[in-house]
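Asks: Below is a structure I'd like to ask you about.
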2 protein chains.
Amino acid sequence: MNELEILKRIAARAPRAGRGLVLGIGDDCAIYRSPSADLLLTTDMMIEDVHFRRATHPADAVGWKTLARGLSDIAAMGGTPRLCLVSLAVASWADQRWIDAFYGGLLRLARRTGVSLAGGDLGHAERVMCDIVVCGDVPRGRALRRDGARPGDAVYVSGRLGGSALGLETECGTAWKRHLRPEPRLELGLVLRRLRATACIDLSDGLSLDLHRLCLASKVTAELDGPIPLFRGASIDQALNGGEDYELLFTLRPGAKAPPSTTRIGTIRKGKPGGPLPPRGYDHFRSETRSA
Amino acid sequence: MNELEILKRIAARAPRAGRGLVLGIGDDCAIYRSPSADLLLTTDMMIEDVHFRRATHPADAVGWKTLARGLSDIAAMGGTPRLCLVSLAVASWADQRWIDAFYGGLLRLARRTGVSLAGGDLGHAERVMCDIVVCGDVPRGRALRRDGARPGDAVYVSGRLGGSALGLETECGTAWKRHLRPEPRLELGLVLRRLRATACIDLSDGLSLDLHRLCLASKVTAELDGPIPLFRGASIDQALNGGEDYELLFTLRPGAKAPPSTTRIGTIRKGKPGGPLPPRGYDHFRSETRSA
């Protein structure tokens, strides 16, 4: 298959227009007619042997997760995702069936979340590598940022933590499903925006590191004073440092009512900016290779 | 250096706000406040040993070219570039000096063209790989597309072709400079939009393949009836099939006056959709490895 043929196959499965998308795959750029809103743009890489393993991660899960990671960033800003662009460099072992399954998983989540696949790039590499851009929007000036947490605010997380790290270790059960096909918390992001959460970040690299980032951005520190909600079977280390849970970590003004399925874990305090835990979550530039 | 420190260094060199950019590097998403316009989005990969070689391509040229390729897509749509997001996976040989020089080259072109570096991702890989997204805009409904060429339209190219391929072969002189630091034709793109060019594409993969793509999209064919403008020293094969010239290929209604430094090379005709030349330009899925 040549590039034109592969693009044709992908384009045939990706709706070309609708929801503001004026022109999708097939030209030099995609064209998006934005409503009068603030645009959100985020980009994430998925690299073989860093973020997934050929032997254990099905192609459709790799596609799903590639998009889920970008959607999680849009959720963390309280936005609505609109379109994505996907650059895929395939290794020689990844045949047409693998490519089809990859886009199959990605497009399944895209349909569920109202996102159009609007373009991308194709190439070859030694190992499979994918980069996604997700574009979304949010009413002007209303994005949830990392830098708005103030002393006295309550710190919350959604869901239960450590499931993804547990799944990666055991490769079975609901934890493995959780690792392979995380659910971006888009609806919760919208609720938090309406509640005027003061800060929000998604838990992509582990609570310890992501809370550290939120505190640095807001120039505050935090005190953990509630129990961390654990995924069934997960250890406290997996919950604090495991990463890839894609839950939301957020802060609310004192006394504000939190949405369901969220847990208060602490309080924002004045002090040397940074989190209260050693930030041991995943950092690509400390650890040369990751467990998956 | 850990990821936070590397991001801090990059962020210190990238202006955080201005020209519609509400929030740059450092949150889950970048925020862009778009004017009432159509947004253009494009993505391109730069892969070690496919698009560049460690031994011959200086890091700042790799950074420059990464952005230039995206800007060229915006130029081909008649748009104005606004911001970019850069995902970089570095190999172990690429040290902090290489990373700094890479961003140095990229940011130099960004300043010159009024583009903000608004975000990105960092990771590790066996070989250096970079993916860029450029976001621009164009007045509503006025983007130059590939699909508007009609029988009788005149076919033009800008500049002189084959220089990049010649430079890749000789690694010296102006042709090598041309290969390393191509100049995206942003001003010409704006002129062509005002002239209401009927179709436009940038010459990234060679005239033979890119003209084929334009003809396919417009459901027409073309006849070459003028001489192809050759870069000094380049062969006709380099001009037709060499790729990476980043000039613009466009069509004008019969009788329309063309801008300076462009050459009429043919005429659009009715017929089986496709170009008049065997499309031998670069296709990642035909050739496993590229000469650079």
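The values are calculated or read from the model by the stated rules, or taken from the named source; none is laboratory data. Only a predicted model underlies this, so the values are computations on that prediction, with no experimental measurement involved. Backbone-built Cβ (ideal geometry, glycine too); neighbour counts: all protein chains shown.
Asks: Restrict the check to segment A:102-116 and report whether at least one residue is among the charged types (D, E, K, R), crowded, with 24+ Cβ neighbours inside 10 Å and over 20 Å from A:Glu5 (Cα atoms).
Replies: no
Asks: Keeping to segment A:144-155, report how many residues are part of a strand (DSSP E or B) and buried (at least 24 other Cβ atoms within 10 Å of the Cβ).
Replies: Total satisfying the criteria: 1.
Asks: Just wondering, is there one or more residues in segment A:28-39 that are in a loop (DSSP other than H, G, I, E, B), surrounded by 23 or more Cβ atoms within 10 Å (Cβ to Cβ), at the interface with chain B (Cβ under 7 Å from one of its Cβ atoms) and without any contact (Cβ under 8 Å) to a residue 12 or more places away in the chain?
Replies: yes
Asks: Yes or no: segment A:160-174 includes at least one residue that is within 14 Å of chain B (Cβ to nearest Cβ), within 29 Å of A:Lys257 (Cβ to Cβ), touching a residue at least 12 places away in the same chain (Cβ under 8 Å) and surrounded by fewer than 22 Cβ atoms within 10 Å (Cβ to Cβ).
Replies: No; the residues of segment A:160-174 include none that is within 14 Å of chain B (Cβ to nearest Cβ), within 29 Å of A:Lys257 (Cβ to Cβ), touching a residue at least 12 places away in the same chain (Cβ under 8 Å) and surrounded by fewer than 22 Cβ atoms within 10 Å (Cβ to Cβ).
Asks: Name the single residue that is nearest to B:Ala37 (Cα to Cα) among those in segment B:98-143 being in a loop (DSSP other than H, G, I, E, B) and within 11 Å of chain A (Cβ to nearest Cβ).
Replies: B:Arg140
Asks: Sticking with this one: Of all the residues that make up segment B:265-282, how many are in contact with a strand residue (DSSP E or B) (Cβ under 7 Å, 6 or more places away or on another chain) and outside any strand (DSSP E or B)?
Replies: Result for segment B:265-282: 6.
Asks: Can you pull out every residue in segment A:149-192 that is of a type in the set (Gly, Ala, Ser) and either closer than 25 Å to A:Pro276 by Cα or out of contact with any helix residue (DSSP H, G or I) (no Cβ under 9 Å at 6 or more places or on another chain) (or both)?
Replies: The answer is A:Ala149, A:Gly152, A:Ala154, A:Ser158, A:Gly159, A:Gly162, A:Gly163, A:Ser164, A:Ala165, A:Gly189.
Asks: Within segment A:144-163, work out how many residues are farther than 18 Å from A:Arg213 by Cβ and of a type in the set (Val, Ile, Thr).
Replies: Count: 0.
Asks: Taking B:Gly70 as the residue in question, decide whether it is part of a loop (DSSP other than H, G, I, E, B) and under 30 Å from A:Gly79 (Cα atoms).
Replies: So B:Gly70 does not fit the description; no.
Asks: To continue, here is another question. Being within 12 Å of chain B (Cβ to nearest Cβ) and either part of a loop (DSSP other than H, G, I, E, B) or more than 30 Å from A:Ala199 (Cβ to Cβ) (or both): is that true of A:Arg82 here?
Replies: Criteria not met by A:Arg82.
Asks: Now a separate question. Report yes if B:Arg54 is more than 11 Å from every other protein chain (Cβ to nearest Cβ), modelled with pLDDT of 90 or more and either more than 17 Å from the chain's Cα centre (by Cα) or crowded, with 24+ Cβ neighbours inside 10 Å (or both), otherwise no.
Replies: Yes, satisfied.
Asks: If I go through segment B:257-292 residue by residue, how many of them are modelled with pLDDT of 95 or more and aliphatic (A, V, I, L, M)?
Replies: Selection size over segment B:257-292: 3.
Asks: Taking the condition of being within 16 Å of the chain's Cα centre (by Cα) and at negative phi, how many residues in segment A:195-213 meet it?
Replies: 11
Asks: For segment B:185-264, please list each of the strands (runs of 3 or more DSSP E) lying entirely inside it that holds at least 3 residues being buried (at least 22 other Cβ atoms within 10 Å of the Cβ) and touching a residue at least 60 places away in the same chain (Cβ under 8 Å).
Replies: Correct list: B:199-202, B:248-252.
Asks: Here's something else I'd like to know. Quick one: in segment B:87-97, which of the residues that are surrounded by 21 or more Cβ atoms within 10 Å (Cβ to Cβ) and within 8 Å of chain A (Cβ to nearest Cβ) is nearest to B:Ala55 (Cα to Cα)?
Replies: Across segment B:87-97, the extreme among qualifying residues is B:Ala89.
Asks: Out of all the residues in segment A:113-135, is one or more over 28 Å from B:Cys130 (Cβ atoms) and without any contact (Cβ under 8 Å) to a residue 60 or more places away in the chain?
Replies: So far as segment A:113-135 goes, no, none of its residues is over 28 Å from B:Cys130 (Cβ atoms) and without any contact (Cβ under 8 Å) to a residue 60 or more places away in the chain.
Asks: Among the residues of segment B:60-71, which ones are within 14 Å of B:His179 (Cα to Cα) and either within 9 Å of chain A (Cβ to nearest Cβ) or among the small types (Gly, Ala, Ser) (or both)?
Replies: B:Ala61, B:Gly63, B:Ala68
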